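Peer 1: I'd like to ask some things about the structure below.
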Amino acid sequence: MTSPEQLRSFIRDVPDFPKPGIVFKDITPLLHSPMALDKTMEWLAEPFRDEGITNVVAIESRGFIFGSCVARALNAGFVPIRKPGKLPWNCRRHEYVLEYGKDILEIHDDALTPDDRVIVVDDVLATGGTAAAAASLVHGFGAKLIGLAMVIELSFLEGRRKLDANTKIHTLLQY
Ligand code: AMP
């Protein structure tokens, strides 16, 4: 594999999941392939290798799969962002609007400091609401948000518009 474009054949479109009208981007074929998975991690991490990233912040649940591997690739720590009530310690929360509904995200109160240099990792950038919520949680600690890394970008939903122009938004496949 030489280019992220070759990952496209590992993404399965599932119409009307989890609701009528949504075309769900299923990443499990990509996870299943040792080579596709390896290259995905490498390509997600690539633009951030010299950025001194201290922590990868990833969003439940598919973000955890990519986030932990990218953290490993960047020699960084891992910080989970989860749905309400899942994290055991004191949390900060942020409410946001999703492509299919409304939700709340939480992060541990001691997850980051102003010295941290952070990227946010998830599988899909859709409307950008989730990524913007994660960005806002990161900014709440005074940490520096260096960028976002996502496998798939649904460009027609213009999720980038919800994010700060100074944040590097790195996506491997655009639809
Ligand atoms: P959004 O907040 O609209 O950018 O949605 C991003 C979140 O919802 C990500 O965590 C994705 O995992 C999930 N998501 C949204 N739309 C899709 C889709 N079409 N296929 C798969 N996952 C999606």
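Peer 1: Order of 151-160, 132-141 by packing, highest average Cβ count within 10 Å first? Before the final figure, lay out the partial values.
Peer 2: Numbers: 151-160: 18.1, 132-141: 20.5.
Final packing ranking: 132-141, 151-160.
Peer 1: Then there is this: Answer with one residue from THR54, CYS69, ALA135: the one whose Cα lies farthest towards the positive end of the charge dipole of the chain, charges on Cβ with Lys, Arg +1 and Asp, Glu -1.
Peer 2: ALA135
Peer 1: I would also like to ask the following. Treat the chain as a sphere of radius equal to its Kirkwood radius over Cα pairs and apply Stokes-Einstein at 25 °C in a medium of 0.890 mPa s; give the translational diffusion coefficient in µm²/s, rounded to a whole number. Walk me through the intermediate numbers first.
Peer 2: Working: Rh = 16.2 Å.
Value of D from the Cα-based Kirkwood radius: 151 µm²/s.
Peer 1: While we're looking at this one, here's another question. What order do you get for 55-68, 82-95 when each peptide is scored by the mean count of other beta carbon atoms within 10 Å, highest first? Present the calculation step by step, with values, prior to reporting the outcome.
Peer 2: Values: 55-68: 22.7, 82-95: 13.2.
Final packing ranking: 55-68, 82-95.
Peer 1: As a check on your grasp of the helix formula, calculate [θ] at 222 nm for the chain: sum -39500 (n - 2.57) over DSSP H runs of n ≥ 4, divide by the residue count, round to the nearest 500. If you can, show how the numbers build up before the last one.
Peer 2: Values: 4 runs with 41 residues, N = 175.
Using -39500 (n - 2.57) per qualifying helix, the result is -7000 deg cm²/dmol.
Peer 1: Quick check on the chain: of the DSSP beta bridges with both residues there, what percent are antiparallel, nearest 5%? Let's see the in-between values first.
Peer 2: Working: 13 of 36 bridges.
Percent antiparallel among DSSP bridges in the chain is about 35.
Peer 1: Now for a separate question. What's the extension gain from HIS32 to LYS102 if we count 0.36 nm per residue and subtract their Cα-Cα distance?
Peer 2: Extra length from HIS32 to LYS102 when fully extended: 22.2 nm.
Peer 1: List the relative contact order of the range 47-174 as a percent without decimals, with contacts defined as Cα pairs under 8 Å and 6+ residues apart.
Peer 2: Working: 272 pairs, mean separation 29.4, N = 128.
Relative contact order for the range 47-174 comes out at 23 percent.
Peer 1: Among the lysines, which fall within straight-line cross-link reach of LYS25, defined as a Cα-Cα distance under 24 Å, with same-chain neighbours fewer than 8 residues apart omitted?
Peer 2: LYS39, LYS83, LYS102, LYS162, LYS168
Just so you know, all these numbers are worked out from the coordinates, no wet-lab data involved. Just so you know, these numbers come straight off a predicted model, no measurement behind them. No Cβ is skipped: glycine too gets one built from the backbone with ideal geometry, and neighbour counts run over all protein chains shown.
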